[in-house]
Amino acid sequence: MDTLQKITALCKRRGFVFPSSEIYGGWEAAYDFGSLGVEVLNKLRRLWWSEFVRKRSDVAGLDGAIISHPRVWEASGHTELFADVMVEDTVTNRRYRADHLIDLIEDGMKPEEVDEVIKKNNIKSPDGYPLSKARYFNQLVEVQVGTLEDSKSKAYLRGETCQPIFYNYALVKDSMRMKIPFGIAQIGKAFRNEIKVGPFFFRTREFEQMELEMFISPKDSQKYFDELKSISKLWVESLGVNPEKLRFREQSPKEKAHYNKIAHDLEYEFPYGWKEFQGIHYRTDWDLKRHGEYSNTDFTYTDEETGEKFIPHIAEYSIGLSRLLYVLLFDAYTEEEGRVVLKLDPKVAPYDAAVFPLVKNKEDLVVKARDVYQNLINTGLNVAWDDRGNIGKRYYSQDEIGTPKCITIDYDTLKDDTVTVRDRDTMKQERVKISDLSRMVKL
Ligand code: GAP
């Protein structure tokens, strides 16, 4: 088994990530986050919000609608330009993005031009079969909204979370008395009809993004772009991700989305290569200019000090929440000395600690252990309880899900109110006073 297979199996067995709708045979590219997965996701959401919204007086939060007015997606350019040229294997019916399959495809090539390249070079599918004619494939997910069949109207599930940030720009600016430069941040779901999905939950059709849009003067674009690059990478490193496995890469013109002038991807080195999991983008004034045109709104901003007038430009920081979890799992997965350990930073581990009574049929030990367990929970920690099997098996089980500290209540605890605390990474054990536990676990 390779690392991807091992992590996939671990995620299902221990309740991090399940294939969606499994009892119905599964549903391609959809995953459900289990009890431990959701703990990590919640921690990530909280940490990100705290870092990029709460700690910053120049950033305000938002939680916009998933289904908005369809004009939003016309204005944003997504109905027209959020499309890839696709080809299909005529035998297996597997679909491929033409530019992923064929190196000779150049930026902006139309389907007819792709057909020419395929014909001229006699290109076949990876399985060796003929390819279909190329065609555009729009990634927006369409929905019908309305109560009566005849009055239903076509709308879209949002293709990126940030569009509500753009059309609400003036409302947030005025209600929060913001002045440029300032930012609006949001965490929420986005949906894309991806042609190529996987591996595992790396690329899915429904996913969550954490986005920060900085509204800036065009003259400050470089400064804010560089700043977003630096603070976003530092934040990922603060989650314990190995800095040697991180790098920025500039997107080629062929890769760039229609709204981006400059795009730098933050990539992680997986066992199967470097892959992106966050983007820093300079979107220029594309978004507010287009929403202004399509809605007849004047978004011109006047700088109070200089009198300068401009449509605000945007420097964007966008990171996929589930994709970040995927990176954390690969970065943490370790096999050593006959055990599997998820060396997750305690900040993002599903449990902060686990509590065990040495044996489960000694009532006074269990009562004492329950007391320690409940007191830790009351301090706001997430604590696991385990009284099955022997202590060695319990350690093994907690290592595999990344629990940083295991606390055992034994006979000495009843005499002197101390417990054994075992560290996940060093496997060292020390005797600690119960009164010092919550401070120790919170570190
Ligand atoms: N608003 C800008 C934007 O959406 P993007 O590069 O398309 O930019 C940003 O997406 C991030 O969202 C990616 O770096 C990735 O982490 C995440 N993401 C995008 N598509 C995804 C998908 N199909 N599945 C999981 N995560 C995805």
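The values are calculated or read from the model by the stated rules, or taken from the named source; none is laboratory data. Computed from a predicted structure; not experimentally measured. Ideal geometry is used to build each Cβ from the backbone, glycine not excepted, and the neighbour counts take in all protein chains shown.
Report, by residue number, each residue of the stretch 422-443 that is closer than 14 Å to residue 408 by Cα and at pLDDT 95 or above.
Of everything in the stretch 422-443, those that are closer than 14 Å to residue 408 by Cα and at pLDDT 95 or above turn out to be 422, 423, 424, 427, 428, 429, 430, 431, 432, 433, 434, 437.
Could you name every one of the strands (runs of 3 or more DSSP E) located completely within the stretch 339-402 that has at least 2 residues being farther than 21 Å from residue 41 by Cα and among the aromatic types (Phe, Trp, Tyr)?
none
Residues are listed down the side, and each one gets a yes or a no for (1) in the same structural domain as residue 216 (by TED's automatic domain parsing); (2) under 24 Å from residue 210 (Cα atoms); (3) surrounded by 14 or more Cβ atoms within 10 Å (Cβ to Cβ):
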| site | (1), (2), (3) |
| --- | --- |
| 74 | no, yes, yes |
| 111 | no, no, yes |
| 119 | no, no, no |
| 126 | no, no, no |
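Just for the stretch 232-265: of the residues that are among the hydrophobic types (A, V, I, L, M, F, W, C) and touching a helix residue (DSSP H, G or I) at 6+ places or on another chain (Cβ under 6 Å), which one is surrounded by the fewest Cβ atoms within 10 Å (Cβ to Cβ)? Walk me through it before giving the result.
Of all residues in the stretch 232-265, those among the hydrophobic types (A, V, I, L, M, F, W, C) come to 234-236, 239, 241, 246, 248, 257, 262-263.
In the following step, the residues that additionally are touching a helix residue (DSSP H, G or I) at 6+ places or on another chain (Cβ under 6 Å) were identified as 235, 239, 241.
On the way: 235: 17, 239: 19, 241: 22.
Top of the filtered list is 235.
Looking at 408, 413, which one is polar (S, T, N, Q), modelled with pLDDT of 95 or more and within 12 Å of residue 353 (Cα to Cα)?
Sole residue among the options that is polar (S, T, N, Q), modelled with pLDDT of 95 or more and within 12 Å of residue 353 (Cα to Cα): 408.
So which residues in the stretch 273-292 are touching an Asp or Glu at 6+ places or on another chain (Cβ under 9 Å) and hydrophobic (A, V, I, L, M, F, W, C)?
Correct list: 274, 277, 280.
With the checklist (1) out of contact with any helix residue (DSSP H, G or I) (no Cβ under 8 Å at 6 or more places or on another chain); (2) closer than 30 Å to residue 161 by Cβ in hand, flag the one item residue 105 doesn't pass.
Result: residue 105 passes all but (1).
Residue check: is residue 237 among the charged types (D, E, K, R), under 20 Å from residue 45 (Cα atoms) and away from the ligand (no atom under 13 Å from the Cβ)?
The answer is yes for residue 237.
Given the conditions (1) surrounded by fewer than 19 Cβ atoms within 10 Å (Cβ to Cβ); (2) at negative phi, and given that residue 184 satisfies all but one, which numbered condition is not satisfied?
Unmet condition: (1).
From (1) crowded, with 17+ Cβ neighbours inside 10 Å; (2) under 30 Å from residue 370 (Cα atoms); (3) among the charged types (D, E, K, R), pick out the condition that doesn't hold for residue 323.
(2)
Hey, could you check the stretch 1-29 for residues that are modelled with pLDDT under 95 and aliphatic (A, V, I, L, M) and say which is nearest to the ligand (Cβ to nearest atom)?
Checked the stretch 1-29; the qualifying residue nearest to the ligand (Cβ to nearest atom) is 29.
Taking residue 319, is it under 17 Å from residue 221 (Cα atoms), at pLDDT 95 or above and outside the structural domain of residue 418 (by TED's automatic domain parsing)?
no
Are there helices (runs of 4 or more DSSP H) fully within the stretch 109-205 with at least 3 residues that are within 16 Å of the ligand (Cβ to nearest atom)? List them. Give the steps one after another, and end with the answer.
Numbers: elements: 111-121, 163-167, 169-175.
Correct list: 163-167.
Please enumerate the residues belonging to the stretch 250-286 that are more than 12 Å from the ligand (Cβ to nearest atom), charged (D, E, K, R) and free of Cβ contacts under 8 Å to residues at least 40 places away in the same chain.
Within the stretch 250-286, 250, 261, 269 meet the criteria.
In this structure, is residue 332 under 23 Å from residue 46 (Cα atoms) and surrounded by fewer than 22 Cβ atoms within 10 Å (Cβ to Cβ)?
So residue 332 fits the description; yes.
Which one of 180, 123 is touching a Pro at 6+ places or on another chain (Cβ under 7 Å) and either modelled with pLDDT of 95 or more or aliphatic (A, V, I, L, M) (or both)?
180
Applying the selection to the stretch 403-413, what residues are outside any strand (DSSP E or B) and under 32 Å from the mean Cα position of the chain (by Cα)?
403, 404
What's the number of the condition residue 215 fails, among (1) in contact (Cβ under 8 Å) with a residue 40 or more places away in the chain; (2) within 13 Å of the ligand (Cβ to nearest atom); (3) in a strand (DSSP E or B)?
Only one criterion is unmet by residue 215, namely (2).
If you go through the stretch 1-31, how many residues are over 13 Å from residue 200 (Cβ atoms) and in contact (Cβ under 8 Å) with a residue 12 or more places away in the chain?
2
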